[in-house]
Amino acid sequence: MPDLSLVHRMTAYTAWADDVMLRNAEQLSEAELSAPRDALFRSITGTFDHTLVVAEIFKAHIEGKSHPHTARHRDTVLPFDAVAGRLRAMNDHYVALARRWTETKLAEVISFEFVGGGEGRMSREDILLHFVNHATYHRGFVSTLLFQLKTKGAASDLTVFLRDIWPEMSSRIGEAAQ
C-alpha cells in the first residue's frame with residue numbers, strides 16, 4: 001500500500017479534525033460539556049464518548065477480541081478529559097494501522113457481531129472508512145452544539161486539512177519511508 005493512500009490520508013484527517021473539535025470544546029467547563037442538550041447523545045461529552053465507543057468496538061473486531069459494550073453508548077458517560085485523552089489515543093492507533101497495513105491486509109474481511117444484533121462482515125479498509133465517516137458525522141453534531149454556545153473555534157474541514165496540514169505531514173511520511 002502506498003504511504004499516501006486514501007485510507008491513510010483519511011485516518012490522519014480524522015485524528016486532526018477530532019483534535020481540532022476537542023480543542024474547540026475544551027474552551028467550555030466540564031459542566032457545560034456534560035450539560036443535557038437536545039442531541040442524540042445528550043451532551044457534547046456524550047457525543048464524543050459515543051464516537052469513542054464505536055471506535056473501541058471496531059478496534060476489538062479488527063483484533064478478533066471481545067469488547068465490553070452492549071450498546072453504541074455507555075450507560076455512564078466518561079468525564080470529558082478522559083474521553084478526549086482516550087479518543088486522541090484511539091485516533092493515533094487507527095492512523096498507525098492505516099500506515100502499517102498492506103493492500104492485502106486492508107482487503108481482509110472481518111466477521112463480527114453487531115452490538116444491536118446480527119452478523120457483520122467488513123473489510124479492514126471498510127472498517128477504517130467507517131471509522132472516518134462516523135467521526136465526521138458526529139463532529140457535525142458537536143459543531144452545532146458548540147455554535148449554540150457561541151464558542152470560537154478552528155475549522156475542522158477536510159479542505160483545511162488538505163491545504164494546511166497534509167502537505168507537511170505527507171512530506172514527513174515520505175522522508176521517513178526512505
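Laboratory data are not the source of any read-out in this text; all were calculated from the coordinates shown. What you are looking at is a predicted structure, and each value in this text was computed from that prediction instead of being measured. Ideal geometry is used to build each Cβ from the backbone, glycine not excepted, and the neighbour counts take in all protein chains shown.
Check cross-link reach from Lys65 to the lysines: straight Cα distance under 24 Å, and skip same-chain residues fewer than eight apart.
Those lysines meeting the cut-off are Lys105.
What is the spread of the Cα atoms of the stretch 20-94 along each of their three principal axes, largest first, in whole Å?
38, 24, 15
Based on C-alpha coordinates, I'd like the Rg and Dmax of the chain, in Å.
That works out to 16.6, 50 Å for Rg and Dmax.
Rank-order 107-115, 91-99, 47-55, 35-43 by packing density, defined as the average count of other C-beta atoms within 10 Å over each peptide's residues, highest first.
Values: 107-115: 13.0, 91-99: 18.9, 47-55: 24.6, 35-43: 14.7.
Most protected by this proxy first, the peptides run 47-55, 91-99, 35-43, 107-115.
Along Cα→Cβ, 7 Å out, is where each label goes; now give me the distance between the ones at Glu113 and Arg163 in nm to one decimal.
Simple spin-label model gives 4.8 nm for this pair.
For the stretch 1-50, report the % of Cα-Cα distances exceeding 17 Å. Walk me through the numbers on the way to the answer.
Values: 597 of 1225 pairs.
That fraction is 49 percent.
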